[in-house]
Amino acid sequence: MRYHAPPRDAVDPAVFGRLPLAAWHEYAALLEGAEWPSIEALNRLISDGVAQRFVKQTPDLLADGLHYEQRIAERGEIATREGNWHDLLNALVWLRHPALKQALNLRQMAEIATMGPKQRSRAQYAMTHFDEGGVIVELRDPALLALWDAHDWHGLFWRHRQAWLDGSIRLELFGHALLEHALSPDKLLVGKALVFESVGDVDADRVCARCVEAIVSGQLLHDPLELRPLPLSGIPGWHPDNADEAFHRSTVCYQPRRAGREYPPAFPQPG
């Protein structure tokens, strides 16, 4: 069933004080204000040097016949629906992570050149899944990856709960659909993760830069099966019930690994 976000005036304000939305507090005025931010207000926040701009999505705009990604690549226009949570949150990700968004657009355009605008490749599905539900994970303790491989969620989130608190494993949420789902406090969030070996102290900017390089160079995102499911609701602070061990034995977002399902290793440290 397709998710429908609550109306702006029906969102529980408490969701903005909990992860993942609490991590986007610098945009609190855009998220929590009584009125929807305008396209012009979003454009005023774009960093210097970023060529893309948000444009109002209208029937006239869509009549140009271009693919969404083509409009970004050829005109620098990010079609954005006004008064829409999904598109507002997509805009916030563009504001925080323009290089990642540009990398995905570059690769999408390469696939469109091969497939045409009507067909979709496995790589395009992978990039779309990451764009909507992506999480970038930096892993300092490789033992945690074995638990993740096995879908040993009790081990990953309970027996090794401290790892999520001491920096052994850290993440940067990228997918705007995840942020949209977080508007409903009852949602159990599951991300689609790319995993990177740690290069020392965990640094979100550094791991995002590595992700950009790997996407642009074609080392990642050729198939949706590269993406690991990550039940975000198990992470300390992400769900009020996960401080209880019982949560990690019975929650419905903890799915067993399918027979034959394999995951790629963590993306290695730079040589």
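The values are calculated or read from the model by the stated rules, or taken from the named source; none is laboratory data. Fair warning: this is a prediction, and the values are worked out from it, not measured in the lab. Here Cβ is always computed from backbone atoms with ideal geometry, including for glycine, and neighbour counts include all displayed protein chains.
Can you tell which of Q57, Q52 is surrounded by 17 or more Cβ atoms within 10 Å (Cβ to Cβ), farther than 17 Å from Q108 by Cβ and either within 20 Å of the chain's Cα centre (by Cα) or modelled with pLDDT of 95 or more (or both)?
Q57
Could you check Y3 against (1) touching a Gly at 6+ places or on another chain (Cβ under 7 Å); (2) in contact (Cβ under 8 Å) with a residue 60 or more places away in the chain; (3) loosely packed, with under 13 Cβ neighbours inside 10 Å and say which number it fails?
Single failed check for Y3: (1).
Just one of L194, L220, L227, L189 is on the phi < 0 side of the Ramachandran plot, touching an Asp or Glu at 6+ places or on another chain (Cβ under 7 Å) and modelled with pLDDT of 95 or more; which is it?
Selected residue: L220, the only one of L194, L220, L227, L189 that is on the phi < 0 side of the Ramachandran plot, touching an Asp or Glu at 6+ places or on another chain (Cβ under 7 Å) and modelled with pLDDT of 95 or more.
Take the stretch 67-87 and flag every residue that is within 20 Å of F130 (Cβ to Cβ), in contact (Cβ under 8 Å) with a residue 40 or more places away in the chain and not polar (S, T, N, Q).
H67, E69, W85, H86, listed by residue number.
Looking at R71, R96, R107 in this structure, which one is over 22 Å from E172 (Cα atoms), of a type outside the set (A, V, I, L, M, F, W, C) and not assigned by TED's automatic domain parsing to the domain that holds L221?
R71
Starting from the stretch 15-35, take each residue that is under 17 Å from I46 (Cβ atoms) and list its partners that are of a type outside the set (D, E) and not in a helix (DSSP H, G or I), counting only C-beta distances under 6 angstrom and pairs at least six apart or across chains.
That search, which allows pairs on different chains as well, returns L30/P37.
Can we say N90 is within 26 Å of G218 (Cα to Cα), in contact with a Ser or Thr (Cβ under 8 Å, 6 or more places away or on another chain), assigned to a helix (DSSP H, G or I) and touching a residue at least 24 places away in the same chain (Cβ under 8 Å)?
Judged against the criteria, N90 is a match.
If a residue has to be small (G, A, S) and closer than 14 Å to L88 by Cα to count, how many in the stretch 3-27 make the cut?
1
For the stretch 109-202, list the strands (runs of 3 or more DSSP E) that sit wholly inside it and hold at least 1 residues that are of a type in the set (K, R); which are they?
Ranges flagged: 169-173, 190-197.
Would you pick out the residues in the stretch 208-237 that are in a loop (DSSP other than H, G, I, E, B), in contact with a Phe, Trp or Tyr (Cβ under 9 Å, 6 or more places away or on another chain) and surrounded by fewer than 20 Cβ atoms within 10 Å (Cβ to Cβ)?
Q219, D223, P236, G237
Return the total of residues in the stretch 230-261 being without any contact (Cβ under 8 Å) to a residue 60 or more places away in the chain and either among the aromatic types (F, W, Y) or closer than 23 Å to R122 by Cα (or both).
Of the residues in the stretch 230-261, 5 are without any contact (Cβ under 8 Å) to a residue 60 or more places away in the chain and either among the aromatic types (F, W, Y) or closer than 23 Å to R122 by Cα (or both).
Tell me, yes or no, whether the stretch 244-266 has at least one residue that is in a loop (DSSP other than H, G, I, E, B), closer than 20 Å to P142 by Cβ and assigned by TED's automatic domain parsing to the domain that holds G134.
Looking for residues that are in a loop (DSSP other than H, G, I, E, B), closer than 20 Å to P142 by Cβ and assigned by TED's automatic domain parsing to the domain that holds G134, one finds none in the stretch 244-266, hence no.
Check I112 against each of (1) at pLDDT below 95; (2) surrounded by fewer than 17 Cβ atoms within 10 Å (Cβ to Cβ) and name the one condition it does not meet.
Checking I112 against (1) at pLDDT below 95; (2) surrounded by fewer than 17 Cβ atoms within 10 Å (Cβ to Cβ), the one that fails is (2).
Restricting attention to the stretch 28-42, which residues are part of a helix (DSSP H, G or I) and either within 20 Å of the chain's Cα centre (by Cα) or over 14 Å from N90 (Cβ atoms) (or both)? Break it down into steps so the answer makes sense when it comes.
Our first condition is that a residue be part of a helix (DSSP H, G or I); within the stretch 28-42, this holds for 28-32, 39-42.
Correct list: A28, A29, L30, L31, E32, E40, A41, L42.
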